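Engineer: Dumping the structure here so I can ask a few things about it.
The values are calculated or read from the model by the stated rules, or taken from the named source; none is laboratory data. Since the model is a prediction, treat every value here as computed from it, not as a measurement. Glycine also receives a Cβ, built like all others from the backbone with ideal geometry; neighbour counts cover every protein chain displayed.
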Amino acid sequence: MTEELKNLEAKPRLVGVFKLSVLIAQNRIVILLMHLLKNKPNSSITWLSFALTIVTGIIAGFAIVSWGTNALHLITVNGDTTIIKLNTAICFLFAVIAYGLTTVEKYKTPGIVLAIVLIGLNLLNLSQYIFGYNLGIDEFFLKDSYTQPQGYPGRMTINTSLFFLFTSFFTICLSVRLKPKITELLIPPFWAATVLALVAYGYSFANSERIPNHHKLSPVTVIECFLLATAILVSRSDEGFLAPFTKKTETAKHNSRMLVYGILLTLFFGWLRLRGELSGLLQHDIGIALMAAAYILIIMYFTKITTVKLNYLEQSLKKEQALSEQIINSLPAIFFVTDKDNRFIRYNDNLLKATCCSKEEIEQLTPHHFFPESERYKVDNYLQQAKEKGLVVIESDLIDNEGNVEPFFFRTMAIDYNGEPCLIGTGVNISERKNAEEEIKLLNRQLRSLNNRLDNIREEERTTIAREIHDELGQQLTVFKINLAWLKSLPKDADAEFENLTTEMLALSDSMIHSVRRIAHDLRPPALEDLGLAEALRIYSEEFEMRSGVSIHFYSELDQLELPEDTGKAFYRIFQESLTNVARYANATHVEALLDLEDDEIILSVSDNGIGFDIDSVTRKKTLGIIGMRERALITGGKFEINSKPNCGTTVLVRAPLYQEADSGNY
């Protein structure tokens, strides 16, 4: 509308004002009509239907009061024609009351009963015409004095009885929402018949300037039939004939405007034809031809506009559908929509990949088929809870057509899709998360085992130190004490014995010093602090070769390299553990060891020619020695690798940054 207003500014003032008025009037009419087609609060009918029903009831009530008070001059025209019969007015009032009651849930049953009673009365009335007899019910109603007895002045006409039969039937159908929706098929032609009757009545009156004979169709009856039929036509905005025009969509708005414009133009051309014939400008046949041509033009014009609009909306819908498909297929999870029978009606490619199914296969199956038999009962309950609660989640294994099992996390919620209750859901493969959880559990168990081992090692070290102190230093100190006491008790002239004891005590002192140094060396090698890592490893290699008999070749040119204290200790202990494993398990005869620097990384390599082992089996066992070496490497911010094959020896490789400090995040 705004665009059209801008276009009017460049046109002449008079024409612009005229078109602006027409445009505003058209939109006002449509807006007003759309407001009237909204449902009344606490009722299932629209405001327009309610208003038309009230008007119909008021007219019927006025006619009944006029007949009851014998005020016939209020319901006669020209002194010889009644505008409505009493029985017709009573039936209109009954029809209005029945229709009104059925629109309120609390009073629906009484309304249906009253509609059935109305059907019975009119069937009896029609039977009198069909079978040619008189039941005597006509005499219960007041009869006008203008109709001859053979015209049955107290009896409703056939047309009126048929109208009430259809009206009562439609009232019952609308109240019980009968399916298939017969009302959608029958109400529009029923309403059109009342419109034609009203137009024909007006045309006849305009030609003769007299109200047509009342016993065929009285004027008030024609008007009330049109009002009540229109009220039924526009009774509901959520279903029936009006439902497509009251949706909150662009198509509904467009088509509702076309409907209103079509009705208004039809009435306008009908009025022009009538005026032309009455004024003698048009003959009757020419008027009919012009009216038909006008209908054809209206249909062609509105069809073109509607087709253009629908084509545009269809293209937009296809683009949106294509975009939604791309979005759905780009999801990292599987996506699906199931109908009320749990059949897949929409899905993405990830579902096909996860289930190893084709599109034809997946559409014939339900989620039930892709779960282990032990969990299908749980899955069925899960789907039922989703329908009842609206949103549920579950973790379960998914089995594809090839028998592969993968754990998934599903999130499903109930929706309304294409007017039916459906379920929409997504499923995420949580294999990596499950593996990570297992790794964490395993790591926790390993850390507990490592902690226990460290506690045991500490206790063993304390026991060893205590034993060595007790067995070696304790005995040596005891002998030393005895010798001192003996020395003190010797006579001053016992020079030979004094010399022997002194010599023995010096030997004991040397032995004690050696024991203390050996114990201290085992606890903390002094060469590591005094000489650096390379020399400490070289010394330990020589000691290992002497103890074990396994030849070892250690090579390094990093004698002057200064390392962080933690890195040096970690590499030294890893070297110790590696050689200990060689001595215990490798059954090797030679070891190659290397300490080198490469790209600011310090590298320690220990290789033997022993029997080797299966890496996978040892990795699954997660032996504490290997765990300890790996943990020490991680503490330095480095990496630990071990490579071995049966009968091919073993290689331990450790890399650590030279300048980077330890980072606990490496864990």
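Engineer: Is it the case that some residue within region 263-271 is outside any helix (DSSP H, G or I), outside the structural domain of R411 (by TED's automatic domain parsing) and within 24 Å of G202 (Cβ to Cβ)?
Structural biologist: So far as region 263-271 goes, no, none of its residues is outside any helix (DSSP H, G or I), outside the structural domain of R411 (by TED's automatic domain parsing) and within 24 Å of G202 (Cβ to Cβ).
Engineer: Going by what's in this entry, would G390 be described as surrounded by 11 or more Cβ atoms within 10 Å (Cβ to Cβ), modelled with pLDDT under 80 and in the same structural domain as E360 (by TED's automatic domain parsing)? Give the derivation first.
Structural biologist: Values: surrounded by 11 or more Cβ atoms within 10 Å (Cβ to Cβ): yes; modelled with pLDDT under 80: yes; in the same structural domain as E360 (by TED's automatic domain parsing): yes.
It is true that G390 is surrounded by 11 or more Cβ atoms within 10 Å (Cβ to Cβ), modelled with pLDDT under 80 and in the same structural domain as E360 (by TED's automatic domain parsing).
Engineer: Quick check on region 127-137. Is at least one of its residues assigned to a helix (DSSP H, G or I), modelled with pLDDT of 85 or more and either touching a Ser or Thr at 6+ places or on another chain (Cβ under 6 Å) or under 20 Å from A60 (Cα atoms) (or both)?
Structural biologist: no
Engineer: Could you please let me know if P189 is in the same structural domain as T157 (by TED's automatic domain parsing), more than 23 Å from T306 (Cβ to Cβ) and modelled with pLDDT of 70 or more?
Structural biologist: So P189 does not fit the description; no.
Engineer: Cβ contacts < 6 Å: first residue over 16 Å from M156 (Cβ atoms), restricted to region 84-112; second residue assigned to a helix (DSSP H, G or I) and aliphatic (A, V, I, L, M), any location; separation 6+ or different chain. Result?
Structural biologist: Cβ pairs passing all conditions: A98/L114; A98/A115; Y107/L101; P110/L101; G111/A98; G111/L101; I112/I172.
Engineer: Quick test of your reading of the structure: S617 fulfils all but one of (1) surrounded by fewer than 17 Cβ atoms within 10 Å (Cβ to Cβ); (2) at pLDDT 85 or above; (3) more than 20 Å from L528 (Cα to Cα). Name the failing condition by number.
Structural biologist: Result: S617 fails condition (2) only.
Engineer: Which number in (1) in a helix (DSSP H, G or I); (2) touching a residue at least 12 places away in the same chain (Cβ under 8 Å) marks the one condition that I394 misses?
Structural biologist: For I394, the exception is condition (1).
Engineer: Which fully enclosed strands (runs of 3 or more DSSP E) of region 525-615 have 3 or more residues being of a type in the set (K, R)?
Structural biologist: Hits in region 525-615: none.
Engineer: If you check T355 against the conditions, is it β-branched (V, I, T), closer than 23 Å to N435 by Cα and touching a residue at least 24 places away in the same chain (Cβ under 8 Å)?
Structural biologist: yes
Engineer: Tell me, please, whether a residue that is free of Cβ contacts under 8 Å to residues at least 24 places away in the same chain, of a type in the set (D, E, K, R), in contact with a helix residue (DSSP H, G or I) (Cβ under 7 Å, 6 or more places away or on another chain) and surrounded by 13 or more Cβ atoms within 10 Å (Cβ to Cβ) can be found in region 407-430.
Structural biologist: no
Engineer: While we're on this one: Keeping to region 398-430, report how many residues are of a type in the set (S, T, N, Q), closer than 17 Å to L351 by Cβ and under 22 Å from the mean Cα position of the chain (by Cα).
Structural biologist: Number of matching residues: 3.
Engineer: Let me ask something else. Suppose we filter A586, A570, A534 for residues that are in contact (Cβ under 8 Å) with a residue 24 or more places away in the chain, under 22 Å from G628 (Cα atoms), touching a helix residue (DSSP H, G or I) at 6+ places or on another chain (Cβ under 7 Å) and surrounded by 15 or more Cβ atoms within 10 Å (Cβ to Cβ); which single one remains?
Structural biologist: Values: A586 fails: touching a helix residue (DSSP H, G or I) at 6+ places or on another chain (Cβ under 7 Å); A534 fails: touching a helix residue (DSSP H, G or I) at 6+ places or on another chain (Cβ under 7 Å).
Result: A570 is the single residue among A586, A570, A534 that is in contact (Cβ under 8 Å) with a residue 24 or more places away in the chain, under 22 Å from G628 (Cα atoms), touching a helix residue (DSSP H, G or I) at 6+ places or on another chain (Cβ under 7 Å) and surrounded by 15 or more Cβ atoms within 10 Å (Cβ to Cβ).
Engineer: All but one of (1) among the basic types (K, R); (2) out of contact with any strand residue (DSSP E or B) (no Cβ under 6 Å at 6 or more places or on another chain); (3) not in a helix (DSSP H, G or I) hold for R445; which doesn't?
Structural biologist: (3)
Engineer: Given the residues D349, D380, which is the only one that is touching a helix residue (DSSP H, G or I) at 6+ places or on another chain (Cβ under 9 Å) and farther than 30 Å from L323 by Cβ?
Structural biologist: Sole residue among the options that is touching a helix residue (DSSP H, G or I) at 6+ places or on another chain (Cβ under 9 Å) and farther than 30 Å from L323 by Cβ: D380.
Engineer: Going by the structure shown, is L281 touching a strand residue (DSSP E or B) at 6+ places or on another chain (Cβ under 8 Å) and either modelled with pLDDT under 75 or crowded, with 16+ Cβ neighbours inside 10 Å (or both)?
Structural biologist: In short, no.
Engineer: Just give me the residues in region 323-350 being under 18 Å from I394 (Cβ atoms) and in contact (Cβ under 8 Å) with a residue 24 or more places away in the chain, in sequence order.
Structural biologist: A333, I334, F335, F336, V337, T338, N342
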